[in-house]
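Here the structure is laid out as structure tokens; the discussion comes afterwards.
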Ligand code: SF4
């Protein structure tokens, strides 16, 4: 077998003498965004300030490693508020929650902290503003995603409809096309969303909405950095979770460019058979994936190949969000 010594079992990393060269293009920005940093810091500081346990409704961010790290520190993750006992703090995840959730928490006198990303909260305020003007709202997003559930839950039932595809945008029949607005999920594909918005603007020229969309800076920058490296790579590894919308979008963006892209949660998920014959590998990470997991993937590559790393930075990020006042008026860093 070429490149493998006699006595090496299939699946073992080749020894140092037989390592093939591999150039790794490292997309930048990648990984944690300011909203994710803030949400994790809210859980950590709440644990420090109020002690164990602290309850968190839904995965604070969509990453198993992050959730397990916080569980080890004393966080308990639940899906519903009725699983939270009296007398302990509860935190709402970065994705946002429907309005009835904080209302229920208040009714039960629970002490709650809202880790909703400020950029998601901004979309919530947009939805409320349109509703105040009596506009029906079209939300561009993915059914069942917690952010979509949270955003739809900001205004009364029946005032908001979901559009998931260009086909949906072509066929939706609003009651009053002249009193209409659109908003979007923050973690969508820029290109797909632009197509859907173009259809809505063509069909409903009086529709209100943001200038472009509500896709956040972190989603935008991570997709741009994938677009910068994907044409140069034979394979792209996206470190992220299957339920992470922005990670899935990074895979799609690369595939549209013609690059073979794979989502991996940890190094152990890598299908080495796809990498063994290539010379240029791209690596990026979704906004909820910590850098330690990127380092783990790079280390696994270095075990097998003679790796040369090239950092490809398309933009520097300096976004910071403040923590809730009760935890100290300090900025969480991106
Ligand atoms: S991906 Fe964007 S909207 Fe989501 S938490 Fe990060 S900054 Fe906020």
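Residue 191 to residue 306: FRET efficiency via 1/(1 + (r/R0)^6), r the Cβ-Cβ distance, R0 45 Å, to the nearest 0.05? Efficiency at R0 = 45 Å is approximately 0.80. Note on the chain: along the principal axes its Cα atoms extend 72, 54, 32 Å, ordered by decreasing extent. One decimal place: the segment residue 203-residue 273 gains 20.5 nm when fully extended, by the rule 0.36 nm per residue minus the C-alpha distance.
Packing here is the average count of other Cβ atoms within 10 Å per residue, and on that basis the peptides 199-208, 25-34, 251-260, highest first, run 25-34, 251-260, 199-208. Projected label points at residue 157 and residue 121, each 7 Å from Cα along the beta carbon direction, are separated by 2.8 nanometres. Between the helical axis of 190-203 and the longest alpha-carbon principal axis of the chain there is an angle of about 30 degrees. Cα axis of helix 118-132 to longest principal axis of the chain: angle in degrees, 0 to 90, nearest 10? Long axis of 118-132 versus the principal axis of the chain: about 30 degrees. Note on residue 107 and residue 166: the model spin-label points, each 7 Å out from Cα along the C-beta direction, lie 4.4 nm apart.
Computed per residue of the chain from DSSP H runs no shorter than four, each worth -39500 (n - 2.57), the mean residue ellipticity at 222 nm is -11000 deg cm²/dmol. Normalised by the number of residues in the stretch 80-162, the average gap of Cα pairs under 8 Å and 6 or more apart makes the relative contact order 33 percent. Relative to the longest principal axis of the Cα atoms of the chain, helix 291-304 runs at roughly 20 degrees.
Short-range pairs are left out: with C-alpha atoms under 8 Å and at least six residues apart, the relative contact order of the chain is 25 percent.
We did not get these values from a lab; they are worked out from the coordinates using the rules stated. These numbers were taken from a predicted model, which means no experiment stands behind them. A quick note on method: Cβ atoms are made from the backbone with ideal geometry, for glycine too, and the neighbour counts reach across all protein chains shown.
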